[in-house]
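Novice: Below is a structure I'd like to ask you about.
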Amino acid sequence: MATTPLKIVVLGATGMAGSRIVGEALDRGHHVTAAARGHADAPAHERLDRLTADVTDTEALAGAVSGADVVVSALPARLVLPLVAPLSERVRTEGTRIAFVGGAGSLRHPAGGRVIDQPGFREEWKPEASAHVELLDLLRTLPEDLDWTFLSPSALFLPGERTEAFRLGGDDLLTDAEGGSRISAEDYAIALLDEIETPAHRRRRFTVGY
């Protein structure tokens with residue numbers, strides 16, 4: 001874990017990725033504010049604060065991220081896009097780092113082109129995948145004093161085991177020997193917390209997979 005515990009705010013803390021990021025951060029000794037519209041019953045933790053807020057409201061968002069060392073957005077990209085301007089202004093003012101739970105659609109596919117452009121990419125996935133593409137493109141245009149990172153999962157991103165046996169990549173989809181591309185939400189959380197503790201992809205997208 002990091003030498004000094006960090007104050008980490010997780011937006012969208014009750015979702016598949018967000019809940020595992022919260023758990024991983026707590027296991028590493030960090031203090032976490034879990035922000036979501038609602039919280040299911042869960043065990044209390046001395047380093048966990050639950051904040052019930054609609055973070056799509058800019059005032060609520062400003063309050064949620066105030067005082068954080070790191071903000072993690074685990075919100076759907078379609079919700080994040082209109083928040084980028086107020087969120088980036090807030091974290092830039094406070095010198096806060098921000099990490100985005102990204103999508104796999106914008107990664108380069110081994111067959112050529114992007115994952116989102118492949119014939120087998122499901123139509124129902126495209127609205128959110130397209131929003132992630134737009135979000136990444138937008139982040140790359142922002143001023144250099146905004147300290148962001150964007151972690152794309154593999155093509156298959158589901159709850160699973162915490163193996164700690166994964167690979168990191170850049171803009172190319174990671175595949176295994178059989179051509180599969182997957183990562184568990186548990187191992188994804190490890191990769192994101194590793195980046196938070198020891199930044200290696202500032203103002204860059206990276207990816208994780210088996």
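Every read-out reported here was derived from the displayed coordinates using simple, explicitly stated rules and does not represent laboratory data. None of the values given here were measured: they were computed from a predicted structure. All Cβ positions, even for glycine, are placed from backbone atoms using ideal geometry, and neighbour counts span all protein chains on display.
Novice: Nearest 10 degrees, 0 to 90: what angle lies between the long axis of helix 84-94 and the longest principal axis of the chain (Cα atoms)?
Specialist: 50
Novice: Right, something else. Run a plain Debye calculation on region 11-85 (Cα atoms as equal point scatterers, no solvent) and give log10 I(q)/I(0) at q = 0.16, 0.19, 0.24 Å⁻¹, rounded to two decimals, same order as the q list.
Specialist: For the requested q values the scattering log ratios are -0.53, -0.76, -1.21.
Novice: Nearest 500 deg cm²/dmol is fine: what mean residue ellipticity at 222 nm does the chain get from its DSSP H runs of n ≥ 4 alone, each adding -39,500 (n - 2.57), divided by its residue count? Before the final figure, lay out the partial values.
Specialist: Working: 6 runs with 62 residues, N = 210.
Estimated from H runs of four or more residues: -9000 deg cm²/dmol.
Novice: Here's a follow-up. Please identify the GluC sites (Glu not before Pro) of region 127-172 that satisfy two criteria: DSSP loop assignment and at most 15 other Cβ atoms within 10 Å. Which are they?
Specialist: Numbers: sites: 128, 134, 144, 161, 164; in loops: 144, 161, 164.
Passing sites in region 127-172 are 144, 161, 164.
Novice: Let me ask something additional. What is the distance, in nm, between label points placed 7 Å from the Cα along the Cα-to-Cβ direction at residue 141 and at residue 177?
Specialist: Going from the residue 141 label point to the residue 177 one covers 4.5 nm.
Novice: Quick one: 3J(HN,Hα) in Hz for region 199-210, Karplus 6.51/-1.76/1.60 with θ = phi - 60°, rounded, Gly and Pro as x.
Specialist: x, 10, 9, 5, 6, 9, 9, 9, 9, 9, x, 8
Novice: Collect residues whose amide H, placed 1.01 Å from N in the peptide plane, falls under 5 Å from the amide H of residue 210; neighbours closer than 5 in sequence don't count.
Specialist: When sequence neighbours closer than 5 places are left aside, the close amide H contacts are 167, 182.
Novice: Then there is this: Each residue of region 95-109 in order: what ³J(HN,Hα) in whole Hz does its phi give by Karplus 6.51 cos²θ - 1.76 cosθ + 1.60, θ = phi - 60°, with x for Gly and Pro?
Specialist: Computed from phi, the couplings for region 95-109 are x, 8, 8, 9, 10, 10, 6, x, x, 8, x, 8, 5, 6, 8 Hz.
Novice: Oh, and also: List, in order, the whole-Hz ³J(HN,Hα) value for each residue of region 172-179 obtained from phi through the Karplus relation with A = 6.51, B = -1.76, C = 1.60 and θ = phi - 60°; use x for Gly and Pro.
Specialist: Once θ is set to phi - 60°, the couplings for region 172-179 become 10, 4, 8, 10, 8, 4, 8, x Hz.
Novice: Follow-up question, since we're still on this one. Taking the square root of 5 times each eigenvalue of the Cα gyration tensor, what semi-axes in Å does the equivalent ellipsoid of region 51-96 have, largest first? Please list the in-between numbers first.
Specialist: Numbers: eigenvalues 48, 29, 20 Å².
For region 51-96, the ellipsoid semi-axes come out as 15, 12, 10 Å.
Novice: Using amide H atoms built 1.01 Å from N in the peptide plane, name the residues 5+ places from residue 50, or on other chains, whose amide H lies under 5 Å from its own.
Specialist: 34
Novice: Also: Once you place label points 7 Å from the Cα toward the Cβ at residue 81 and residue 60, how far apart are they in nm?
Specialist: 2.1
Novice: Return the long-range amide H neighbours of residue 142 (sequence gap of 5 or more, or a different chain), with a cut-off of under 5 Å between placed amide H atoms.
Specialist: Excluding prolines and chain starts, which carry no amide H, there are no hits.
Novice: For the chain, just the Cα atoms, rotate onto the principal axes and tell me the three extents in Å, largest first.
Specialist: 45, 35, 31
Novice: Of the trypsin sites (Lys or Arg not before Pro) in region 8-42, which ones lie in a loop per DSSP and count no more than 15 other C-beta atoms within 10 Å?
Specialist: Counting only loop positions with at most 15 other Cβ atoms within 10 Å, the trypsin sites (Lys or Arg not before Pro) in region 8-42 are 37.
Novice: Testing the spin-label approximation: label points 7 Å from Cα along Cα→Cβ at residue 197 and residue 92. State their distance in nm.
Specialist: Here the modelled spin labels are 3.1 nm apart.
Novice: Work out, step by step, the length gained on full extension between residue 37 and residue 130: first 0.36 nm times the residue separation, then minus their alpha carbon distance; give nm to one decimal.
Specialist: In short, 31.1 nm is gained.
Novice: Taking only C-alpha pairs under 8 Å that are 6+ residues apart, what is the relative contact order of region 69-210 in percent?
Specialist: Values: 239 pairs, mean separation 37.3, N = 142.
It comes to 26 percent, rounded to a whole number.
Novice: So, R0 is 22 Å and r is the distance between the beta-carbons of residue 46 and residue 16; what FRET efficiency does that work out to, to 0.05? Please report the intermediate quantities before stating the final value.
Specialist: Numbers: r = 25 Å, r/R0 = 1.12.
FRET efficiency, residue 46 to residue 16: 0.35.
Novice: Follow-up. If you count the DSSP beta bridges with both ends in the chain, what percent of them are antiparallel, to the nearest 5?
Specialist: Numbers: 4 of 34 bridges.
Taking every DSSP beta bridge within the chain, about 10 percent pair in antiparallel fashion.
Novice: Let me ask something else about it. Tell me, what does the Kirkwood hydrodynamic radius of region 85-175 come to in angstroms if you use every pair of distinct C-alpha atoms? Show your work: numbers first, answer last.
Specialist: Values: mean 1/r = 0.0679 Å⁻¹.
Radius from the Kirkwood sum: 14.7 Å.
Novice: List the trypsin sites (Lys or Arg not before Pro) within region 100-173 that DSSP assigns to loop and that have no more than 13 neighbouring Cβ atoms inside 10 Å.
Specialist: Values: sites: 108, 114, 122, 140, 162, 167; in loops: 122, 140, 162.
Qualifying residues, ordered by number: 122, 140.
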